[in-house]
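**Q** I'd like to ask you about the structure that follows.
The values are calculated or read from the model by the stated rules, or taken from the named source; none is laboratory data. As the structure is a computational prediction, the values presented were derived from the model and not from experiment. Cβ: placed from backbone, ideal geometry, glycine included. Neighbour counts: every protein chain shown. Note: areas computed on protein heavy atoms with side chains; ligands, DNA, RNA excluded. Shrake-Rupley method; radii C 1.70, N 1.55, O 1.52, S 1.80 Å.
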Protein chains: 2
Amino acid sequence: MSERIKPRGRPRSFDRADALHKAMLLFWRHGYEGTSIADLTGAMGVTPPTLYAAFGSKEKLYREALRHYAKDEGSDRSIPGGSNIRAEVEAYLRSCARNFSDPAKPGGCMVSTGSLQCAVENQPAKDAAGEMRARALQSFTARLRQAKKQGELRDEAEPAVLARYYAAIIQGMSVQASDGASRADLDAMVDVAMGAWPGKARKRT
Amino acid sequence: MSERIKPRGRPRSFDRADALHKAMLLFWRHGYEGTSIADLTGAMGVTPPTLYAAFGSKEKLYREALRHYAKDEGSDRSIPGGSNIRAEVEAYLRSCARNFSDPAKPGGCMVSTGSLQCAVENQPAKDAAGEMRARALQSFTARLRQAKKQGELRDEAEPAVLARYYAAIIQGMSVQASDGASRADLDAMVDVAMGAWPGKARKRT
DNA sequence: ATTATTATCTAGCGATCGATATTTAAATGA
DNA sequence: TCATTTAAATATCGATCGCTAGATAATAAT
């Protein structure tokens, strides 16, 4: 099935997947504008023409790095979609808390807080990250809608609003992790955030 | 008192405060790295040497623009500190919702989501914004501590955690406003966020 | 062996980056 | 008047930006 026939010309002398991973780490930490082609070629161990032959342009490489991040680092990879939506959301937030604060990686999330500001000519980079945030929000909303239909979510709960709210928590965790917040800091925030889960009305102080 | 004696040499031919305001708007929308000296001098209507004589360097101008933003646009300008801390926090969040989504201004907050990623050589810019976020978090925590001491906050509430949590809400609102979220979107999020305010324990769904 | 194909590096493109040396202009003080 | 002081623009600086033309190397097909 996966019999890969040998290509015609000179074979690649570097690992494309590994180079993409290294590019992702640079874009993640320093952003699109904060990462130069020289930074990228330096990390990959190749020269500019090789990078351009393999990835097309800086913007295309950035988009591919974003996709790679979503697959490789996305905190959603392993959350089992069970029948308890509240537990599922909480587990997701806790996985974000752990991943965003991992000292071995850039702080925060490459997507949640990526390319929020950029020069006019780099708007496509902001759009790329913004589209991924929009997609994530959309699929999160869809998951909550499904849960509501299955009776796991109270009738008065609004999936779109709830999705925006927990997206904000994730984005806030990303900002604070980028500023150096610890996993304990973020986990404590998750404790509070889960207190807003739609439930019985409660007395105020 | 404010008798301003006339300075010796040639007088300024441009309004420094107005130029600072224009610089702030550019940094706010495009970030530190996304704003060039040419952008700044163009908006100010002066040449580079004039900018450097007036503001020192790009980084110093950025720091000054951040301070100007905090004073001029800071959502804290007008929240009266009363005896109801819950209402005070909610009012603050609502003012953020309104300001972050103002179509006449750049989306989001210049501080909350400013300079999260940057090149190694521009780390001082990230530090400048990060320090402002840290200060805001600190003063927010202090306000909650004070409120707790005055009995406006339940005993089990942790000011530092609660401050981080509402800071995350603000940062999330800033991200989403930067992506085009409306005031209604953000206000709905505030509704949910206030549901996490420490109160009576509540039954879960 | 020769040709075709693909990948790589050397070298450098024009443009823009942040910042400045130098000169000229406009004010006050003597 | 004329020296002093401050601010302005002209004209660029060296460095870096994203990117590429052209030559060369390494493979497969013929």
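**Q** Restricting attention to segment B:19-58, which residues are free of Cβ contacts under 8 Å to residues at least 12 places away in the same chain, away from DNA strand D (no atom under 11 Å from the Cβ) and more than 14 Å from chain A (Cβ to nearest Cβ)?
**A** If the condition is that a residue be free of Cβ contacts under 8 Å to residues at least 12 places away in the same chain, away from DNA strand D (no atom under 11 Å from the Cβ) and more than 14 Å from chain A (Cβ to nearest Cβ), then B:Gly56, B:Ser57 are the ones that fit.
Residues checked against (1) within 19 Å of A:Gly108 (Cβ to Cβ); (2) touching a Ser or Thr at 6+ places or on another chain (Cβ under 9 Å):
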site	(1), (2)
A:Pro124	no, no
A:Arg133	yes, yes
A:Asp155	no, no
A:Val175	yes, yes
A:Ser178	yes, yes
A:Ala181	yes, yes
A:Ala188	yes, no
A:Ala193	yes, no
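**Q** Among helices (runs of 4 or more DSSP H) lying entirely in segment A:1-55, which contain 3 or more residues that are over 21 Å from the mean Cα position of the chain (by Cα)?
**A** Per the criteria, A:37-44, A:48-55.
**Q** If you check B:Ser182 against the conditions, is it closer than 27 Å to A:Gly31 by Cβ and over 14 Å from the mean Cα position of the chain (by Cα)?
**A** yes
**Q** Restricting to helices (runs of 4 or more DSSP H) lying wholly in segment A:100-203: which have 3 or more residues that are open to solvent by less than 20 Å² (accessible area, probe 1.4 Å) and over 30 Å from B:Arg154 (Cβ atoms)?
**A** The helices (runs of 4 or more DSSP H) meeting that bar are A:123-149.
**Q** Kindly indicate whether any position in segment A:35-45 is over 15 Å from A:Ala125 (Cα atoms), in contact with a His (Cβ under 9 Å, 6 or more places away or on another chain) and away from DNA strand C (no atom under 11 Å from the Cβ).
**A** yes
**Q** Can you find even one residue in segment A:77-86 that is surrounded by 15 or more Cβ atoms within 10 Å (Cβ to Cβ), hydrophobic (A, V, I, L, M, F, W, C), within 18 Å of the chain's Cα centre (by Cα) and in a helix (DSSP H, G or I)?
**A** no
**Q** Follow-up. Does B:Arg94 satisfy being within 14 Å of chain A (Cβ to nearest Cβ), away from DNA strand D (no atom under 16 Å from the Cβ) and among the basic types (Lys, Arg)? Break it down stepwise before answering.
**A** Values: within 14 Å of chain A (Cβ to nearest Cβ): no; away from DNA strand D (no atom under 16 Å from the Cβ): yes; among the basic types (Lys, Arg): yes.
Here the answer is no, as B:Arg94 does not meet what is asked.
**Q** Given the conditions (1) within 13 Å of chain B (Cβ to nearest Cβ); (2) within 16 Å of DNA strand D (Cβ to nearest atom); (3) without any contact (Cβ under 8 Å) to a residue 12 or more places away in the chain, and given that A:Gly9 satisfies all but one, which numbered condition is not satisfied?
**A** (1)
**Q** Something else now. I need a count of the residues in segment B:3-17 that are more than 10 Å from DNA strand C (Cβ to nearest atom) and modelled with pLDDT under 80.
**A** Total satisfying the criteria: 2.
**Q** State which residue pairs qualify: first residue away from chain A (no Cβ under 11 Å) and inside segment B:137-166, second residue among the aromatic types (Phe, Trp, Tyr) and open to solvent by less than 60 Å² (accessible area, probe 1.4 Å) in any location, beta carbons under 9 Å apart, and separation of 6 or more residues or different chains.
**A** Partner pairs satisfying both residue conditions: B:Phe140/B:Tyr166; B:Leu144/B:Tyr166; B:Pro159/B:Phe140.
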